[in-house]
Amino acid sequence: MPFISRITLYRYDIPLKAPVTISLGTIEHARNMLVQIETDRGIEGWGEGSPFWMIAGETQASGLAAAQDMARLLLGRYPTDIGGCVDALVRYLPAHPTTRSAFDMALHDLAAKIANLPLYAYLGGSNRQLITDETIYLDTPTRMAEVALTVKAKGPDAIKLKLGTDSKTDIARVRAVRQAIGDQIPIRTDANQGWDVPTATAVLRAIGDWNVQYCEQPLRRTDIAGLRQLRQLSPVPIMADESLFDAADAIRLVREDAVDYFNIKLSKSGGIWEALKINAIAEAAHIRCMIGCMSESRLGLTANAHFAAARPNVAFCDLDGCFEHALDPVIGGLTYHPYRIELPDVPGIGAAVDPAFLARCERIVIQE
């Protein structure tokens, strides 16, 4: 059995085409991290974490600092013992889900390669069809409507709108987009914790007849009672995002009967190992899930898509994080047609980073 002999950490910076804004703030670069795990037999696995400090409380710098200790914990271990490896990381550093997700992803890539299976098959699933939406970020109602027309021309199955400011402006944003694109394309909304219960109720009741599929995280992440109350008042289904990090959060949301849907993100949950637990809880409670993303490149997005393909309870995909990237350093990986996702049918995740791009990245090597 191959064992882990070397781990390399990379500072993985990808410029954006333009700054993107949500209710929590604005980002100008995807400041991600890469984890490359190698075995004594020359097999390697790749993982990516996309720290979003406003949500997960991690930065690239804090993640890379923690990753050095995490890497040392894994040296000499068997990469197929994913549960044991992840448990060791959780016990040592209970937080840092985004950093842990990069290790988790690389371990799954390695284990699937050792099994000679695509990751979706290693997870017990099939290469089923996945379709992503496209996100329109916070701007004026007029500008968001203009962007929506551009997106509509590409034939999306759904368009996602970032909201979460005041009720008047947010209603105007949805109205402007709906008037611009017509009635047929479903709109998905995401307030990123920007409202309280009265504001959320006012917005969701106003837009309830405008073919809105759901609203992600309308309230502060800790306000589970408010989510339950809002769910009873809203004509629009409610989806948990920032309120859902791990399986314990999933159990609480189910017990409180607080939401209609779950949004699972690998960079938020700590990786595939925990995401499988979250989905199992959701499935048992008859709650459908969405696979979401932060600002991963196509490497991380491909792993997210493998997870979604392997779990039919994942009904929605929001895997458009790389659409805002100014360059694509990934070799292989998923492809978009333009919103239908095609997964690679090769062992593992099926994605890596261009060596020429990696050569320019700061790296830290951990080995015995």
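What 222 nm value per residue comes from the helices of the chain, counting each DSSP H run with n ≥ 4 as -39,500 (n - 2.57) and dividing by all residues, nearest 500 deg cm²/dmol?
Numbers: 14 runs with 143 residues, N = 368.
My calculation for the chain gives -11500 deg cm²/dmol from helical runs alone.
Using Cα atoms only, what is the angle between the long axis of helix 272-284 and the major principal axis of the chain, expressed in degrees (0 to 90) to the nearest 10?
40
Not counting the cut sites, what is the longest span of the chain without trypsin sites (Lys or Arg not before Pro) that DSSP labels loop and that have at most 14 other Cβ atoms within 10 Å?
Here the longest run is 155-359.
For the stretch 233-368, take the convex hull of the Cα atoms, compute a quarter of its surface area, and give me that in nm², please.
Average of the hull's projected areas for the stretch 233-368 equals 10.9 nm².
Rounded to two decimals, what is Rg over Rh for the stretch 1-108 when you use alpha-carbon atoms and the Kirkwood radius?
1.02
How long is the stretch 140-188 along each principal axis, judged by its Cα atoms, biggest number first, in Å?
The Cα atoms of the stretch 140-188 stretch 30, 17, 15 Å along their principal axes.
If I fit a long axis through the Cα atoms of helix 97-114 and take the longest principal axis of the Cα atoms of the chain, what angle between them do I get, 0 to 90°, rounded to 10?
Tilt of helix 97-114: around 60 degrees.
How much length, in nm to one decimal, is gained on full extension between residue 11 and residue 65, taken as 0.36 nm per residue of separation minus their Cα-Cα distance?
18.3 nm
Which three extents, in angstrom, do the Cα atoms of the chain have along their principal axes, listed largest first?
Largest to smallest, the principal-axis extents are 60, 42, 36 Å.
Which value in Å is the Kirkwood Rh of the stretch 73-163 over different Cα pairs?
For the stretch 73-163, inverting the mean 1/r across all distinct Cα pairs yields 16.7 Å.
Measure nothing but the geometry: give the 0 to 90° angle between the long axis through the Cα atoms of 224-233 and the longest principal axis through the Cα atoms of the chain, rounded to 10°.
With both axes taken from Cα atoms, the answer is about 40 degrees.
If the cut-off is 22 Å between C-alpha atoms, which lysines fall inside it for residue 168, apart from same-chain ones fewer than 8 positions away?
Qualifying lysines at Cα under 22 Å: 160.
Determine which lysines satisfy two conditions relative to residue 277: a Cα distance under 17 Å, and not lying fewer than 8 residues away in the same chain.
Within reach: 265, 268.
Within the chain, what whole-number % of the accessible surface is contributed by carbon and sulfur, with the 1.4 Å probe and all protein chains included in the calculation? Write down the numbers at each step before the final one.
Details: 6770 of 13870 Å².
Percent of accessible area from carbon and sulfur atoms in the chain: 49.
Counting only DSSP beta bridges with both residues in the chain, tell me the antiparallel percent, nearest 5.
Taking every DSSP beta bridge with both residues in the chain, the antiparallel ones total about 60 percent.
Cut-off under 14 Å on the C-alpha distance; same-chain residues fewer than 8 positions from residue 162 excluded. Which aspartates and glutamates are left, in chain and number order?
Output for residue 162: 133, 134, 139, 170, 190, 216, 241, 318, 320.
The values are calculated or read from the model by the stated rules, or taken from the named source; none is laboratory data. Values in this document were obtained by computation on a predicted structure and should not be read as measured data. Using ideal geometry, Cβ is built from the backbone for each residue, glycine included, and neighbour counts are taken over all protein chains shown. These area figures cover heavy atoms from the full protein model, side chains too; ligands, DNA and RNA do not enter into them. Shrake-Rupley method; radii C 1.70, N 1.55, O 1.52, S 1.80 Å.
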